[in-house]
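Participant: Got a structure for you, questions after.
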Amino acid sequence: MDTAAPHPLQRPLGRWGPLFAAIWLTFLVDPLRTAWGDLPAPRAWVGLSATALFAASYLALWVTLRSGRARLAMAPPVRVRLAWTLALGGLAVVMVVALGQVGMASVVYLAVTFVMLYPPRAFLPLVLALTATVLVLGLTVPGWEHNTWLAFSVVAASIAVFGVRSMMNRNIELIRAHATNAALAAESERNRLARDLHDILGHSLTVITIKAELAGRLFDADPARARAELGDLERLSRDALADVRRAVEGYRDLTLPGEIARARTALAAAQIDATLPNSTDEVPTEARELFAWTVREAVTNVVRHSGARHCEVRLTAGTVEVRDDGHGVAVGAAHGSGLTGLQERATTLGATLVTRSLDPGWSVAVVLP
């Protein structure tokens, strides 16, 4: 069963949405009351039916447009707009013909319909035309009153709905921008994961393949050497598998190949030339996490504080060193919290953190016992 959440612009209406829209139909009570008690039977039934159909059609239009947030901010297709305009406009004319001036209450809803369906350059003249029609008919039709309040209601309702439509348009733009940013972030994360997996696996799998071929050739000629190669092969395979699992799980743990890949990206972004190792295979399994923390902390300091133009990461079975040609650290300066934490991690494994000034530059190294 598909349980995906609906798109933010296509969420269904809440249960109270149509009810709030129906409240505004109370202004059609006067036409209904007139049709029910003050007119001859034929005209009464025509007026009553037209008013009921007009109210139902207007409510259906509101629900249709509001069910998708984007629909109220952007005009529907031309044929849809014309169909709603002709339907509501025709019912409004029937109401006026059958009920007289009291049927002009439909004009306010008709003006709101124009605002919801058409862009400003189209609905503005339509609303002005309706307002003028209300004023002219009130002065020219015998028995009708000059109803300036109805004309004001037409203008006020149109302005109010246009304000709501403009606000929704801005909200929709924000929702779309948020969705676009989320999609770009997801794409960037996929690209980053692909690059890191390539860096993590590329060399390791090549070395594993070479060692497997070598072990096969040495199997008869030098069994002891073949067993040693198979042991290395098993260790490299386990380390590569662990690195991949950590990468796929969201980098909850550090991996040495992953940190070297990140260092390459960070140094390139800071416009610092980098010399980085192509392989991490000779590092013992128990030291890989400590070396990864060393690369992360030292490279971060290079990028943030050193002002360097070149950075080099040196890696052996027992040592990891990050050196740069920046301005270094003042003599006697205390270690920051990052290097202090790195010292504690190194001490746990019996390793030593060594920092020293270069000419020019600075070096951070962790040396295994």
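Participant: Determine whether the stretch 287-306 contains at least one residue that is open to solvent by 40 Å² or more (accessible area, probe 1.4 Å), modelled with pLDDT under 85 and farther than 20 Å from Arg262 by Cβ.
Facilitator: No, the stretch 287-306 has no match at all.
Participant: Within the stretch 128-168, how many residues are touching a helix residue (DSSP H, G or I) at 6+ places or on another chain (Cβ under 7 Å) and either among the aromatic types (Phe, Trp, Tyr) or surrounded by 15 or more Cβ atoms within 10 Å (Cβ to Cβ) (or both)?
Facilitator: 17
Participant: Pick out the one residue from Asp281, Asp324, Asp273 that is among the acidic types (Asp, Glu), modelled with pLDDT of 85 or more and surrounded by 14 or more Cβ atoms within 10 Å (Cβ to Cβ).
Facilitator: Just a single option satisfies the conditions, and that option is Asp324.
Participant: Just to be sure I understand the filter: pairs with C-beta atoms under 6 Å, separated by 6 or more residues or on different chains, first member in the stretch 267-280 and in contact (Cβ under 8 Å) with a residue 40 or more places away in the chain, second member in a loop (DSSP other than H, G, I, E, B) and among the hydrophobic types (A, V, I, L, M, F, W, C). Which pairs pass?
Facilitator: Partner pairs satisfying both residue conditions: Ile272/Ala308.
Participant: Looking at the structure I just gave you, is Arg227 at pLDDT 75 or above and either β-branched (Val, Ile, Thr) or surrounded by 11 or more Cβ atoms within 10 Å (Cβ to Cβ) (or both)?
Facilitator: The answer is yes for Arg227.
Participant: Further question on the same structure: With Ala263, Ala365 as the choices, which residue is surrounded by 21 or more Cβ atoms within 10 Å (Cβ to Cβ) and either among the small types (Gly, Ala, Ser) or part of a loop (DSSP other than H, G, I, E, B) (or both)?
Facilitator: Result of the check over Ala263, Ala365: Ala263.
Participant: Can you tell me which residue among Ala75, Ala55, Ala35, Ala22 is small (Gly, Ala, Ser) and either at pLDDT 75 or above or open to solvent by 60 Å² or more (accessible area, probe 1.4 Å) (or both)?
Facilitator: Just one listed residue meets the conditions, Ala55.
Participant: Looking at the stretch 268-279, can you tell me whether even one residue there is under 40 Å from the mean Cα position of the chain (by Cα), assigned to a helix (DSSP H, G or I) and farther than 23 Å from Ser237 by Cα?
Facilitator: Checked against the condition, which is being under 40 Å from the mean Cα position of the chain (by Cα), assigned to a helix (DSSP H, G or I) and farther than 23 Å from Ser237 by Cα, the stretch 268-279 yields at least one hit.
Participant: Restricting attention to the stretch 343-361, and to residues there that are in a strand (DSSP E or B) and either open to solvent by 40 Å² or more (accessible area, probe 1.4 Å) or of a type in the set (S, T, N, Q) (or both), which single residue is modelled with the lowest pLDDT?
Facilitator: Leu358
The values are calculated or read from the model by the stated rules, or taken from the named source; none is laboratory data. A quick note: this is a predicted structure, and the numbers were derived from the prediction, not measured. Cβ sites come from the backbone with ideal geometry, for glycine too, and all protein chains shown count toward neighbours. Only protein heavy atoms, including side chains, enter the accessible area calculation; ligands, DNA and RNA are left aside. Shrake-Rupley method; radii C 1.70, N 1.55, O 1.52, S 1.80 Å.
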